[in-house]
Every structure is written in structure tokens, then in C-alpha cells.
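**Q** First the structure, which I've put down as C-alpha cells, then a few questions once you've had a look.
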Amino acid sequence: MPEVTYLDADELVINMGPQHPATHGVLRVKLKLDGERVTGSECIIGYLHRGIEKIAENRTYQQFAPYVDRMDYVAAVTNGMGYCEAVEKLLGAEIPPRAQYTRMILAELQRIASHLLWLGTHALDLGAMTPVFYTFREREEILRIFENYCGARLTTHAFRIGGLLYDLYDGFEKEVRKFSDMFLGKIDEYEQLLTKNRIWLERTQNVGILKAEDAIAYAVTGPVLRGSGVKWDVRKAQPYEAYDKVEFDVPVGRHEGWGDTYDRYLVRLAEMRQSVRIIRQAVERLESGPIFGKVGKIIKPPAGFEVYHAIESPKGELGYLVVSDGTTHPYRVRVRPPSFVNLQAFDLMARGHLIADVVAIIGTIDIVLGEVDR
Amino acid sequence: MTPVPVEYFLLLGTGLFTIGVVGVLTRRNIIIILMSIELILNAVNINLVAFSHLYGNVNGQVFALFVITDAVAEAAVGLGLIIALFRNKETVNADEIDLLKW
Amino acid sequence: MLAQSVFLILAVVALSSGVMVITRRNPVHSVIWLIVTLFSVGGIFLLQYAQFLFAVQIILYVGGIMVLYLFVIMLIRVETVAKQAPYSRQWAIGLGAVLVLACELMYGVYKGVESFHLGTPSRPPVDMNNTEAVAGVLYNNYMLPVEIASLLLLVAMVGAVLMAKKRFE
Amino acid sequence: MFNDAVQFVENYPLLVAAIKIVIVFLVLSGVVAYMVLAERKVLAFMQARLGPMRVGPWGLFQPAADGLKLLLKEDIIPAGADKFVFLIAPVISVVAAFTVFAVIPYGPSSALIITDLNVGLLFVVAVSSLGIYGIILGGWASNSHYPLLGSLRSAAQLVSYEIPAGMAIVGVLLVSNSLSLVKIVEAQQSSGLWNFFLQPLGFLIFLIAAVAETNRNPFDLPEAESELTAGFHTEYSGFRFALYFMAEYTSMVLVSALAVVLFWGGWLRPFASVAALDFLNYLPPVSLLMIAGVVFFFARRNPVPAEKWFLVAVAAGSAVLAGVVAVPVVITAVQPIFWFTAKVFALLYAFIWYRATFPRYRYDQLMNVGWRWLIPLALGNLIATACVLWWAGPNPGRLKLFFAMLAANLAVAIVVALLVGWRSPTAAAVEKQTGS
């Protein structure tokens, strides 16, 4: 990131990325600078575009499921869950409770894993090098559970349309319980490193301020929206799976009507605690029973139907619009990726800040370029 | 150690002073002109310290201290001026800054 | 004898690096040579038992003012400056005038040895703490000048900040 | 034989000084090399990982491997670089960092002092202010934007933090009444009170400024910030890069040693005047024994036979050394050097610790800390110290001085905090953005 070069440079346009350690992938940000202050910015995306939505039209419903894992590749489980549920909604299929709770447990574990990755890299961007090692240590536990469950760690393809392919392995519940007991203490550990750290406060407080009205106007969702003080969570607002049967709170930022990077940091930490709460309840309610609903081997929804199904992914509202044309292939799959929508608020947040804050702001939105570009 | 006669120092001071004045008169770059002024001030300091040494008291050194203080102030203001000038006129050549001439 | 040879070395270094200062095209090189000059002048201070002044020379001049020069030089474009003609048009006149001045000064020093009763310092410096001595004189005899100097520095500081500031808001 | 040695020292003072310089240089180089390893190891242990493990047992020979690699690498000079300046800049850094060690007293006997300048403190400040040239010139000579910007920032940072550091040193000067580093330690010995207790605020200021002046986390933005690549030494490679690296770590050791001399009583044992704590005198052999024990414990678990025997040898060596040190004559002789190194290592450990703990300051925040907090604090500390010393008069009681200084320091801290923290510049910006 080059900065002001000469005295007479009044306005300077510089490129950050696409190859840059702090842009979390291949994001390219064009920054207009007055001295060191950002007067405008433009996010240039598409470096990771793979045409995932187009691919869907040439795949059967089942075949497409693994592709969605490649969007938000640090939260593959939630991606897959959203897609499976959307197709299930299209079919009108019911999912047995054991499958529902299993999905919830894995999805919440995935949320924790995604937030852990975010926390570590965000702190690393701001110069705190230690948290990333701690968060990866705990994330490893989660990935191990995934691996034991479905054999994959990152792009899991954990669920199938209609339920689960695999039942839970022996000792799953014990492992998850053990993890959730252990993990609450670990969150406190991260908090000890950062939450009251004077420098952390200075780097995050009042940086990347997003007003609630702007957040809503920009259709920002997820922790970024909640950080701005808006209590909106798809899990509460439009409950899917069995989220209406478990108790959890929706954490919001400290302020009324606006939020900064620190708020979003607090919100994500609180969300991890809530996830643990959900996991504990869900594990309690796991009963033996079928894991697959009444969905045939060949999925052929009637023509002319169209559903939009949204779930709360770690990054925000992840929506799938699936249109059927009566064949085994979807007519159109449109994804509403939270990272992409949230990224639009970047310019609003970055304006007027110093160039060093850009790194913090990119980090706080928590984008994954695989999802932005699809 | 036999002390060095004081006129040696005076001659050295004269030499440095002359070099400094040559720099001020012949160079175009204002920054180098300012540096030449530093040379002149140093020449003065050599003389002051030499006399302080000759008369065995430290008054001369105190004067040299004041000269250094002065040099600091001069450098700060001078360089500030240069920055302001460069920003407006894009040059650091003394002979191109002639708005006040006629 | 030792003192004389040390003086000679220092003097030659100071003068030759002084010449380098005013002849370099690149201001950064000028600064480097000026630092060499300042060091040798500092050495000459040390030769005359002015340790405190030596320290001030290094701390303030070399460690402070010269850094400031480098800063400013790097802020403005050095490359373009280095390509322009280094000497002003009237350099010949300036050089001639200065030579005359130099001759006069040399003559003054040459004659002054007798008329001003110059000579080798007779009293060897007492082995007292030079810093204390300077401090004593500075704060006892020259209190008012010290205050004035501090005021001067304050004014210079404010002035420099105001001038170098980008714009008034 | 002892008399012969004395005779030798008296006959060849320059030769003896040269020998001392060589010894200090060698020891220092070793300390710096292993400081790098220690940093990597300590960081690793703080971050739940292992660190270097490949070269030798626990990577103990890693510094040698690193040094060899850097020596053998190609020394690249970028196109368009100012060759001469580019080549000498790292040398300036290293020389400035190493030279200051000439006046650091490692112990009370003249054998442990290279030279005792009566303007030692001024020398320290003067020479350490030269290290900045290595940074500015190196960045400029590289003919590249990143290094230039990095060096400008670095230089601005160094200049800014030199002021509070200098003022904190002046506070020590007032208390100890001398510019000679040896006399400063002796003053702490005779008053029985380390300057740390008289100048807690000064110590804090000095410590923060020291971290900033060595470009270490949390003030490491000139070089470590991902935005500026590596800062001023981006274009350097091979041996010259190693020189910069060495200069950075040497100056870390330097500021630690200075802090120990100025504030922590140099070579003095903690609470040297308290007889009840005399058992601390036995710490040198005990700590050596402990090292031997730990090494032996790990040696048993090491699977590689060669490494195992090496570690056993190390353990045996330290045990033998502990035995030697335990001899009454030796134990008093090693006291000063032991305590000096122990304190320096404690501070160096703190440097590593900061790096594991703190995020990085933003550039404007860094300047904010320096100019809005440290300089007013240092100024206030200076004034308060002078006032207290004037009020206490000559030869005040130890406790009286301690409590008066404590009160003055607290008062200064509170007043400055109230004045500076009254309204932070960010508050207005927030109001502007949120409209509240």
C-alpha cells in the first residue's frame, strides 16, 4: 500500500490489492486519497468469479450442492445448508428432527469456526499476531469434528437435499459437549488479549462507523448490521430448521443507531457464545430417529415454482433463489451472498478515515471473496 | 599534549567561513545555501570555543551554545519556508524565486 | 605534537568536506558531507576540552538539524533538482568577492597574533566537569539570554509549523 | 601472577581497552544472535506452537544457520540506487548501535567498564541519535517508494520519541547528580534506592520511548506494517539486511541495558541494603543448576542420540559451572555481572512479550502518544522532580524522598491526564459522522 509520495500530491489514487495480505483474498480497492485520508473508494471485484450460478443450470439439484461449498469456503456447512433447505422448500419436503438438530449443531459449529477465522485474521491485520494462533487452535477442533462426521474439513458437503447422508458417529455428542465446555473459556482468553486492550480500542473504536439507517439502506446484514444496533437475525425473524425451538439472544452493538468496528467485534464474540448456547441445547434434544425426509432419488420439482430461502450465515443473510422448470436441473439459482452486499457499505465506512484504517474496515466486514465473486 | 596555538583555530574558522560564503553566493539550491549558512555558523563556533579555551573560561562556549540554538531556529524556519515555497512554486532554486524583485 | 597532528587531520577533513558540501549536485550528498564537517568541528571542540559543546554538536546538529534537512530534501523531488545547473549565473563574481574577503580575514588573523596578544593557551584547562562549568555560567550569568533564546525557539517552532502546514482549516 | 596482571593493565591501557572492546563485541553479537532465536521461541511458546526445531536440539543452532544463509546470499543493489550511500547506510546503523556499549558499566570493578566518560549520558544520547541516519539514508538510497516512505516514517518516529526519552534521562540526571553512568549506579547504591523508585513515571516514559525507538511492537509500523512491506530495508538483501537486523536487536539490548543502568540500579542486587535478602546472593549458582536440570530433563526425551548427548553435555557443563560459581570468592565476583544480565534479559523478555500481546498503533495514534502524552508527561516529570529535589534540600532522608517523589509523580500523571485527556480529537470526528 503506497502512500503519499510528494508534497504537492493533493489527490492520489492508489490501488490496494488484488495481491495484498490485508484484503483477504483477491479484493482490489481503488482508494482516492487526500494525503493519508481516504476521500473515496471503489471495490473492484470479480477476480475469483467462477460462474457458480451459471453452473447450477447445467447440474442436477444434487450435483450442484457441492458447488455452493466453494462460495463461502470458510463456512461451507452453512452454504450447503441454505441450498439444501431452499430446494427442500421448493419440494415442500419435511426434514426429520434428528437431521434438523444435527444440521443446527454443525451450522453453529461452522459459525464459530468462521468467526474464529475472522477474529484471528482481523487481529493480525491490526498487528496483534497472537490471537490468530489461538483461534486456529480452536478452529482445528471444529474441523476435526467435521472431518470425523463427513470426511472433509473445509468444503464439507455435509448435508443432502432431504436430510443427512451420514448419521452422527459414535462419540459425536461427547465431543461437541466437550468442545462447547472448553470453548467458552477460550473466548474469555481472546477477550483478555483484545477487548480491553488500549491499542485495540484505539484501532477499532470510532473506526468504520456505520449508521443504522445507512446499514438498512445498503441492505447490510449479519454482524455488521447488528453491530450498528439493529436487532435483526434471520434465525429469529424467519426461523428455519429448529431455531424457533432453542433459546438464544441476538447480540447488538453498544450504541443506539450506529456502530463501529469495535461493536462488530463485540457482536461476533457474543455470537460465538450464543452459538455455544444453541449447540448445547441442540445436543440435548438429539433423539434417535430417521435422518432423511421423504425425498426421492431423483429430484424433479414441478415447473414454474420459485422460492427464496434465506438463512443466517456467519456473514449475514445468505439467500438462495431457486427457480424450477420441471426438469432435474434448476432453471436458475441466484445467490444473495452476504459478503457481496455488505461490501457495498465499505465506501461509506472508509470515507474520511486514514489509510491504515482501511485494513481494519475490510477486516470488520468479514468478506470472503469466493462468496463475493461466486 | 602541547596545546595548539589559537591562530590555527582562527585560520580554520576563516577557511570554513569562506567556504560557507562561497556556497551562499554561488549555489542556486536554497537547501544548499542553508547548509552553507550552517558552515558559517560552525566557523564562528570554532572561533568562540578557541577563545574560550585561550582565556580559560567557558563564556565562549556558552556563546557557541547560543549560536547552535540560533542555528536550530534558523533551520526550522528556513526549511519551513522552503516547504511552503516548493509547494507554491515547484522549485528550490534561489534565482527562480524572484517575485519580489521588481 | 599529538594535539597538533589531531588538529591538522580534523582541519583538513573539515575543510575538504566543507568544499564537498558546496560542490555536490545532489543535496543528499551535501548533507552527508556536512555531517562529516560537523563531526570534525565537534572533534575540534573536544580538542579544546569543550565536551559539553561536543555533545550538543552531535545531538542537536547531527542528530537533529541534519535529520530535518534530510527530511525536507526527501519530501521535495531530489532527482529533478540534481539535473539542473548547480551554480547561479553570478558565481564568478561571488567567488572573486569571497576570495578578497578570505585574503582580508587571513591577513587579519596573521597580523592579529601580535596585536591581539593571541598565542597558545597558557593555562591548561582545570580538570573540572565541563558540563557543570557551562551550566553554571549559562544559568548564572546568562539567564536572560537563555530565556530569550527559548522564546526564539518557540517563535521558530510556531512559525515553522504554520508555514509548513498544508492549509488553514 | 595477580601483580603481573595489574602491571600489564597499567602498562598497556589501550591494549586492555581493545581487548575489552573485542570481548564486549563478541558477547554482544552472541547475545543478539540468540536474542533472535529467543524471540522466535518465546513467541512460539506464547502462541501455542514450537518455533524453530530443526537446526540442532530445539533449533539451538538456528542463529548460526540464519547467519550463514544471510552471509552467502547475493548482495543485491537495486538499479538506480545511490551505491555508496546504499552500501554504508546499514553500517552506520550497526556502528551507532554497538558504539554506545563502550560506556555501559557492566560491574563496579574497572575490569567490567570499558570507559567511564564523565559525559557518558550525553555520549549515549549523541551516538544513539546517529542510528537514524542508517534508516533515512538506507531508505533514500534504495531508489524505491516503499523504503523511502518507511524511512521517513521511521525517522519521524525516532525523532519524536527521542525527546521524551531524553527528558526522562534528564530526570535521572537530576536525581543522581551526574552524567557518568558509573556514578549514576553508584548514586543508587549509596542512597540504597533505585532510581526506579524515585522516577517511576520517568521509567515508564523511558520504557515506552525505548520500545518506539527500537521500532518494536506496538510501535513497529515503519517496518512490519503489511502496507509498507518491510519499510526502509525492503530493498536490502543478504549481509546488509543482516546488518540492519543486527542493529535493531542490538539497539534493543542497548535500551534494555540503559534502562537497567539508569533505573534499575545497574549491577546492584535487588534490595542490596536489605540484609534479610542476602540469600539472593546464591541465585547465580542456583539458576545455573536449574538450567542444568531443565536441559537434562529435555535431553532425556530427545530421540536423536547426537542431540541427546549434546544436551547432556550442556547440562553437565552448566552443573559444573554452577559448582565453580558456588565457590565463595567466585560468587561475589560474578554478582554484578549476573544481576546486570539478569535485569537486561528481563527487559528483553518484556520486549518479546509486548510483541505477542499488543496490536499495532496507527501512525497518527503513534504520534499522538508521543506528542500529546509522553512529552507533556516527561516535561511535568522534569519540573516535579526538580521541585521535589529543591524542596527536600541536600541529603534528604530516603523515605522522605521516595514518598515526595511518588506524590509528585502521581500529581503530574493526574494533571497531565486531565489536561490531555480532556477532549480527545476523535470525539469530534465521531459526532460529525454519527450526527449525535
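The values are calculated or read from the model by the stated rules, or taken from the named source; none is laboratory data. On a predicted model such as this, the values are computed, not experimentally measured, just so you know. Note that each Cβ is placed from the backbone with ideal geometry, even for glycine, and that neighbours are counted across all protein chains shown.
**Q** Out of segment C:14-45, which residues are facing chain D (nearest Cβ under 10 Å) and in a helix (DSSP H, G or I)?
**A** Filtering segment C:14-45 down to residues facing chain D (nearest Cβ under 10 Å) leaves C:26, C:28-29, C:31-32, C:35, C:39, C:42.
C:28, C:29, C:31, C:32, C:35, C:39, C:42, listed by residue number.
**Q** Which numbered condition in (1) among the polar types (S, T, N, Q); (2) touching a residue at least 24 places away in the same chain (Cβ under 8 Å); (3) surrounded by fewer than 21 Cβ atoms within 10 Å (Cβ to Cβ) is the only one that residue A:204 fails?
**A** The failed condition is (3).
**Q** So, one more: Quick check, is residue D:321 within 30 Å of residue D:219 (Cα to Cα), part of a helix (DSSP H, G or I) and not assigned by TED's automatic domain parsing to the domain that holds residue D:59? Step through it out loud before you land on a result.
**A** On the way: within 30 Å of residue D:219 (Cα to Cα): no; part of a helix (DSSP H, G or I): yes; not assigned by TED's automatic domain parsing to the domain that holds residue D:59: yes.
Against the criterion (within 30 Å of residue D:219 (Cα to Cα), part of a helix (DSSP H, G or I) and not assigned by TED's automatic domain parsing to the domain that holds residue D:59), residue D:321 does not qualify.
**Q** Are any residues in segment D:50-87 outside any loop (DSSP other than H, G, I, E, B), within 14 Å of another protein chain (Cβ to nearest Cβ) and surrounded by fewer than 18 Cβ atoms within 10 Å (Cβ to Cβ), and if so, which ones?
**A** Restricting attention to segment D:50-87, the residues satisfying the condition of being outside any loop (DSSP other than H, G, I, E, B) are D:57-59, D:62-72, D:83-87.
When the remaining residues are screened for being within 14 Å of another protein chain (Cβ to nearest Cβ), the result is D:83-87.
Answer for segment D:50-87, where residues must be outside any loop (DSSP other than H, G, I, E, B), within 14 Å of another protein chain (Cβ to nearest Cβ) and surrounded by fewer than 18 Cβ atoms within 10 Å (Cβ to Cβ): D:83, D:84, D:87.
**Q** Checking the structure you have, find out if any residue of segment A:190-210 is on the phi > 0 side of the Ramachandran plot, under 21 Å from the mean Cα position of the chain (by Cα) and within 14 Å of chain D (Cβ to nearest Cβ).
**A** Scanning segment A:190-210, I find at least one residue that is on the phi > 0 side of the Ramachandran plot, under 21 Å from the mean Cα position of the chain (by Cα) and within 14 Å of chain D (Cβ to nearest Cβ), so the answer is yes.
Yes/no per residue for (1) in the same structural domain as residue C:161 (by TED's automatic domain parsing); (2) closer than 28 Å to residue B:5 by Cα; (3) touching a residue at least 12 places away in the same chain (Cβ under 8 Å); (4) crowded, with 20+ Cβ neighbours inside 10 Å:
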position: C:5; (1), (2), (3), (4): no, yes, no, no
position: C:8; (1), (2), (3), (4): no, yes, no, no
position: C:12; (1), (2), (3), (4): no, yes, no, no
position: C:30; (1), (2), (3), (4): no, no, no, yes
position: C:34; (1), (2), (3), (4): no, yes, yes, yes
position: C:42; (1), (2), (3), (4): no, yes, yes, yes
position: C:47; (1), (2), (3), (4): no, yes, yes, yes
position: C:65; (1), (2), (3), (4): no, no, no, yes
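**Q** Looking at (1) at pLDDT below 90; (2) more than 23 Å from residue C:162 (Cα to Cα); (3) among the small types (Gly, Ala, Ser); (4) surrounded by 21 or more Cβ atoms within 10 Å (Cβ to Cβ), which one does residue B:56 not meet, given that it meets all the others?
**A** Failed condition: (4).
**Q** How many of the residues in segment C:47-78 are within 7 Å of chain D (Cβ to nearest Cβ) and either more than 20 Å from residue B:87 (Cα to Cα) or touching a strand residue (DSSP E or B) at 6+ places or on another chain (Cβ under 9 Å) (or both)?
**A** From segment C:47-78, those within 7 Å of chain D (Cβ to nearest Cβ) are C:51-52, C:55, C:58-59, C:62-63, C:67, C:70-71, C:74; that's our starting set.
Add one more test, that the residue is either more than 20 Å from residue B:87 (Cα to Cα) or touching a strand residue (DSSP E or B) at 6+ places or on another chain (Cβ under 9 Å) (or both), and what stays is C:51-52, C:55, C:58-59, C:62-63, C:67.
So the count comes out to 8.
**Q** Still on this structure: Among B:64, B:76, B:71, B:50, which is the only one that is within 14 Å of the chain's Cα centre (by Cα) and under 23 Å from residue C:98 (Cβ atoms)?
**A** Of the residues listed, the single one that is within 14 Å of the chain's Cα centre (by Cα) and under 23 Å from residue C:98 (Cβ atoms) is B:71.
**Q** Still on this model: Determine which member of the set A:170, A:181, A:214 is surrounded by fewer than 21 Cβ atoms within 10 Å (Cβ to Cβ), farther than 28 Å from residue A:84 by Cβ, of a type in the set (Asp, Glu) and free of Cβ contacts under 8 Å to residues at least 40 places away in the same chain.
**A** Numbers: A:170 fails: farther than 28 Å from residue A:84 by Cβ; A:214 fails: free of Cβ contacts under 8 Å to residues at least 40 places away in the same chain.
Exactly one residue qualifies, and that residue is A:181.
**Q** Restricting attention to segment D:110-142, and to residues there that are assigned to a helix (DSSP H, G or I), crowded, with 24+ Cβ neighbours inside 10 Å and over 20 Å from the mean Cα position of the chain (by Cα), which single residue is farthest from the other protein chains (Cβ to nearest Cβ)?
**A** D:138
**Q** Something else about it: Could you tell me whether segment A:149-171 includes any residue that is part of a helix (DSSP H, G or I) and away from every other protein chain (no Cβ under 14 Å)? Talk me through it step by step, then tell me what you get.
**A** Restricting attention to segment A:149-171, the residues satisfying the condition of being part of a helix (DSSP H, G or I) are A:149-150.
Filter once more, so that each one left must be away from every other protein chain (no Cβ under 14 Å): A:149-150.
Yes; the residues of segment A:149-171 include at least one that is part of a helix (DSSP H, G or I) and away from every other protein chain (no Cβ under 14 Å).
**Q** Evaluate segment B:40-60: report whether one residue or more is more than 7 Å from chain C (Cβ to nearest Cβ) and more than 30 Å from residue C:1 (Cβ to Cβ).
**A** Within segment B:40-60, one or more residues are more than 7 Å from chain C (Cβ to nearest Cβ) and more than 30 Å from residue C:1 (Cβ to Cβ).
**Q** Any residue that is within 14 Å of another protein chain (Cβ to nearest Cβ), hydroxyl-bearing (Ser, Thr, Tyr) and assigned to a loop (DSSP other than H, G, I, E, B) - is there at least one of those in segment A:213-230? Lay out the reasoning, then the answer.
**A** Within segment A:213-230, the first condition is being within 14 Å of another protein chain (Cβ to nearest Cβ), and the residues that meet it are A:213-215, A:227-229.
Of the ones still in play, those that are also hydroxyl-bearing (Ser, Thr, Tyr) are A:228.
From the residues that got through so far, the ones that are assigned to a loop (DSSP other than H, G, I, E, B) too are A:228.
Yes; the residues of segment A:213-230 include at least one that is within 14 Å of another protein chain (Cβ to nearest Cβ), hydroxyl-bearing (Ser, Thr, Tyr) and assigned to a loop (DSSP other than H, G, I, E, B).
**Q** Have a look at D:345, D:358, D:351 and point out the one that is surrounded by 21 or more Cβ atoms within 10 Å (Cβ to Cβ) and more than 25 Å from residue D:420 (Cβ to Cβ). Before you say what the answer is, go through the steps one by one.
**A** Values: D:345 fails: surrounded by 21 or more Cβ atoms within 10 Å (Cβ to Cβ); D:358 fails: more than 25 Å from residue D:420 (Cβ to Cβ).
When all the criteria are applied, what remains is D:351.
**Q** Condition first: crowded, with 24+ Cβ neighbours inside 10 Å, within 24 Å of residue D:373 (Cα to Cα), among the aliphatic types (A, V, I, L, M) and at pLDDT below 85. Can you find one or more residues in segment D:209-221 that meet it?
**A** The answer is yes; a qualifying residue exists.
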